[in-house]
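The values are calculated or read from the model by the stated rules, or taken from the named source; none is laboratory data. Please read these numbers as outputs of a predicted model, since none were measured by experiment. No Cβ is skipped: glycine too gets one built from the backbone with ideal geometry, and neighbour counts run over all protein chains shown. Surface accessibility is based on the protein's heavy atoms, side chains included, excluding ligands, DNA and RNA. Shrake-Rupley method; radii C 1.70, N 1.55, O 1.52, S 1.80 Å.
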Amino acid sequence: TSTSTSTSTSTATSIASNSNSTAATTTSRSTRPIHRHVRRSQWTRIGISAATTVYFVFHPDLDPTSLSPSLSRSPSRSRSRSRKRPPPCNSPALRELGKRGRWIQDWDFARNFGNYLGGGGRVVPMKKGRAEKLTHGQFRPSEDAPFPWPTSWKWVDNDNNSNNDNNSNNDNANSNNNNNNNNNSSNQNNHNTTTTTSSSGFREVRPRTALEMCHLLVDRWNVRQIAFYGDSLTDSQYESFVNLFGTSFVSSDPPPRSLLCPSSSSSSSTTISIPIFMQKDTGGSFRPQDPRSEYFFSPELRSFLRREPPPSSLHPHSHSHSPPPRRTLAIFNIGAHYHNTTWYHQDMHVLLHSLQSLGRTDDLYFFRTNVPGHRYCNPPNDRFFDWAKGTRDVPYDDLDEYLAFLSDVGAIYDWDKFPEWNEYSRRWIERFNARCSAWSPWRYGCRRDGDGGSGSGSGSGSGSGSGDNNNNNDEFPIVHVLDVFDMTALRRDGHRAVEGDCLHYVNPGPVDWWNHLLFAYLDELADVLETLGVGNCVPKEYFQ
């Protein structure tokens with residue numbers, strides 16, 4: 001049992017229990033009165049090892065930051081060794097994507113991929129706000145900037161050649177412009193011909209055509225619905241996601257829209273309709289002085305995530321006659337609307353518990369890291385700026401340059417807390433994934449074996465819609481981290497800038513690369529699983 005003596009505003013108590021002892025006999029005298037009046041249905045089970053279950057009870061007299069990391073480890077090394085765990089993912093790319101590279105200016109990229117010119121054009125029209133009207137609406141092409149300046153920057157991994165693969169980009173762009181979802185069968189064989197891995201084994205983060213992205217979602221992962229749930233930055237990622245596909249691949253119906261992808265796995269021409277869900281959460285507070293808003297999974301989100309039938313327990317590459325699991329791809333984030341570290345810690349736990357309570361072990365869940373803004377972004381005074389010419393800002397060359405800037409001015413908006421919050425989220429996602437102790441080679445999800453599954457089926461004070469009962473508490477998904485911090489922190493250009501908004505970006509722009517990074521991750525993960533011949537793996541650092 002671990003107890004805390006901290007007296008901060010909000011928090012959590014951890015109770016470790018196993019089959020040989022109970023929490024009541026090991027709880028210290030100072031905390032026993034707190035636990036005595038807490039119902040088991042109010043406990044949130046977050047950290048689980050091979051032989052230990054950790055519960056967190058949010059209480060105003062204890063601090064969650066004082067929790068001991070040792071709680072997530074098994075007290076019995078011999079027992080831990082007897083468990084069957086999934087193998088570690090043997091690709092360094094899964095943890096290094098988007099971190100070892102730089103931004104270079106490439107006008108061919110801007111023409112072919114940077115302005116949503118392929119696939120039929122924008123799905124989400126340019127917003128009618130003043131920022132969009134000024135940044136893109138009044139821009140006029142010139143000799144030195146034929147396209148808006150922020151759309152000309154391309155991410156290049158340091159491991160790759162300096163030629164930037166311009167020829168490959170031009171070929172792919174022409175294919176995307178000349179084909180739609182009704183006449184693309186002749187190009188589907190081109191998906192596997194593009195080399196995206198450097199000589200050192202790092203996968204290249206690069207733009208893809210709509211056909212390539214459809215192939216990855218439908219044929220390799222069997223994705224049948226997609227969800228975005230987070231703040232306004234997540235909404236911007238959703239807007240970028242559908243615009244990268246274009247109107248030829250996304251239904252024109254009002255939200256929820258559907259992605260229309262051809263399937264090459266069928267002998268006949270088949271179009272798969274993939275609904276796309278987007279909703280903003282309500283957690284945190286808009287300003288530091290505002291009252292706290294409760295974070296929870298909305299009923300609409302839960303209903304959408306459970307629209308698909310229960311996933312199959314077999315991996316699609318197995319020799320069984322069972323159909324492959326119909327997966328949901330979901331991207332989550334919290335952070336931009338938080339100013340209190342304890343609130344962020346607590347709601348991160350609520351997010352992970354909510355994912356487990358869904359009971360969908362084969363779905364693909366991603367947590368996107370938080371990205372701070374760039375105070376004093378250009379233009380400082382938008383009323384006296386030449387918007388027809390646009391900005392001429394250049395991204396940072398080095399992350400340390402930005403971190404030094406962040407330490408000086410980031411505290412004004414609490415942006416300086418984002419690196420620590422990202423690390424906290426990574427650490428708890430690692431513990432969430434490392435609980436796996438009963439694993440089948442053909443399963444993508446995982447399960448915990450040996451602790452019976454009692455408790456924590458109900459919510460943890462996470463509000464309406466987050467506390468539904470779940471009989472599969474011992475089964476949980478693998479959660480991946482979409483780490484966009486490093487590559488985005490270098491992009492001091494492309495912000496809305498109008499009225500001092502130096503956090504949000506205008507689309508098209510840097511946010512498009514969050515989705516390029518997402519598809520690079522999915523591509524690499526699919527290759528890793530096929531190489532290992534298994535249904536899931538855990539990124540290697542989780543076992544270090």
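The string of couplings for segment 337-348 from the Karplus curve (6.51, -1.76, 1.60, θ = phi - 60°) is 9, 10, 10, 10, 5, 5, 4, 4, 4, 5, 6, 5 Hz, one whole number per residue in order, with x for Gly and Pro.
Surface calculation, 1.4 Å probe, protein heavy atoms: residue 385 sits at approximately 60 Å² accessible. Listed cross-link partners 133/280; 99/280; 99/417; 127/389 are compared with a 22 Å cut-off, the Cα-Cα value being larger for 133/280; 99/280. Taking all protein chains together and rolling a 1.4 Å probe, residue 260 ends up with roughly 50 Å² accessible. Among 152, 303, the sequence by solvent-accessible area, most first, with a 1.4 Å probe is 303, 152.
Placing unit charges on the Cβ atoms of the charged side chains and taking the dipole of segment 315-434 about its Cα centre, the candidate lying farthest along the positive direction among 434, 388, 406 is 434. The listed residues 130, 257 rank as 130, 257 when sorted by accessible area, largest first, using a 1.4 Å probe.
Residues whose amide H falls under 5 Å from that of residue 338, counting only those 5 or more places apart or on a different chain, are 285, with hydrogens built in the peptide plane. Under a 5 Å amide H cut-off, with hydrogens placed 1.01 Å from N, residue 538 pairs with 89 among residues at least 5 apart or on other chains. 3J(HN,Hα) along segment 109-123: 4, 4, 6, 8, 10, x, 10, 6, 8, x, x, x, x, 5, 8 Hz, from the Karplus curve 6.51 cos²θ - 1.76 cosθ + 1.60 with θ = phi - 60°, whole Hz, x for Gly and Pro.
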